[in-house]
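Engineer: Can you keep this structure in mind? I'll have questions shortly.
The values are calculated or read from the model by the stated rules, or taken from the named source; none is laboratory data. None of the values given here were measured: they were computed from a predicted structure. Cβ coordinates were reconstructed from backbone atoms using ideal geometry, including for glycine residues, and neighbour counts include every protein chain displayed.
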Amino acid sequence: MFSSIKIAVVLMMLAGAGGGVVYVKNLKADLATSEANNLKLEQSVESQKVVIEQQANDFKAILVANQELEKTNKTLAAEFTALDKRFNKINSKGEVRDLGDLAVKRTKPIERVLNNATKKALRCVEIAMGSPLTEKEINATKKSEANTECPSIANPNYVPY
């Protein structure tokens, strides 16, 4: 009977040791999985930092572009006001100039003036839409060389008197 208790105790000890070995192996496997997951998370954090930095740079670029756009809009609004004043001049009789009546009376000069002004205005639109300035436009310093429809955006070196 004493020997059967010894055998039972030894078997229980062997079973406990075997269970411990299996438990340690499972812990090692779980640790390896956790380390692999941790490595992936660290890589993900680094890539997210890069994305956040890129978004911050993009945001700054958008702000700069927005400021330039606002500046251009203000310039174009001022140019529109100046153009409106030129078209709606008051003549010597105190009346607003009638461009249609003037065009009937002086067809050729009005046609020439309108065609030239239209070409200049179309160039202003091209510049406002992002077309680069030509050397002639950049170097214009005299009124005869400048685009009189929008000198502030078409001729940066032109200073009106």
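Engineer: Assigned by TED's automatic domain parsing to the domain that holds residue 150 and hydrophobic (A, V, I, L, M, F, W, C), is that true of residue 76?
Structural biologist: Answer is no for this residue.
Engineer: Given the structure, is residue 81 touching a Ser or Thr at 6+ places or on another chain (Cβ under 9 Å) and closer than 20 Å to residue 159 by Cα?
Structural biologist: So residue 81 does not fit the description; no.
Engineer: It is to be established whether one or more residues within the stretch 54-67 are surrounded by 10 or more Cβ atoms within 10 Å (Cβ to Cβ), more than 27 Å from the chain's Cα centre (by Cα) and small (Gly, Ala, Ser).
Structural biologist: no
Engineer: Do we have residue 93 as in contact with a Lys or Arg (Cβ under 7 Å, 6 or more places away or on another chain), more than 17 Å from residue 153 (Cβ to Cβ), without any contact (Cβ under 8 Å) to a residue 12 or more places away in the chain and not polar (S, T, N, Q) here?
Structural biologist: When the stated conditions are applied, residue 93 does not pass them.
Engineer: Does residue 120 satisfy the criteria of being outside any loop (DSSP other than H, G, I, E, B), surrounded by 12 or more Cβ atoms within 10 Å (Cβ to Cβ) and either among the charged types (D, E, K, R) or free of Cβ contacts under 8 Å to residues at least 40 places away in the same chain (or both)?
Structural biologist: For residue 120, the condition - outside any loop (DSSP other than H, G, I, E, B), surrounded by 12 or more Cβ atoms within 10 Å (Cβ to Cβ) and either among the charged types (D, E, K, R) or free of Cβ contacts under 8 Å to residues at least 40 places away in the same chain (or both) - is met.
Engineer: Moving to a separate point now. Only one of 83, 76, 102, 133 is surrounded by 12 or more Cβ atoms within 10 Å (Cβ to Cβ) and not in a helix (DSSP H, G or I). Can you tell me which?
Structural biologist: The conditions single out 133.
Engineer: Further question: Which ones in the stretch 144-155 are surrounded by 13 or more Cβ atoms within 10 Å (Cβ to Cβ) and in a loop (DSSP other than H, G, I, E, B)?
Structural biologist: Those that are surrounded by 13 or more Cβ atoms within 10 Å (Cβ to Cβ) and in a loop (DSSP other than H, G, I, E, B): 145, 146, 147, 148, 149, 150, 155.
Engineer: Just need a number here: residues in the stretch 124-160 that are farther than 19 Å from residue 80 by Cα and more than 23 Å from the chain's Cα centre (by Cα).
Structural biologist: Residues that pass the stated criteria total 12.
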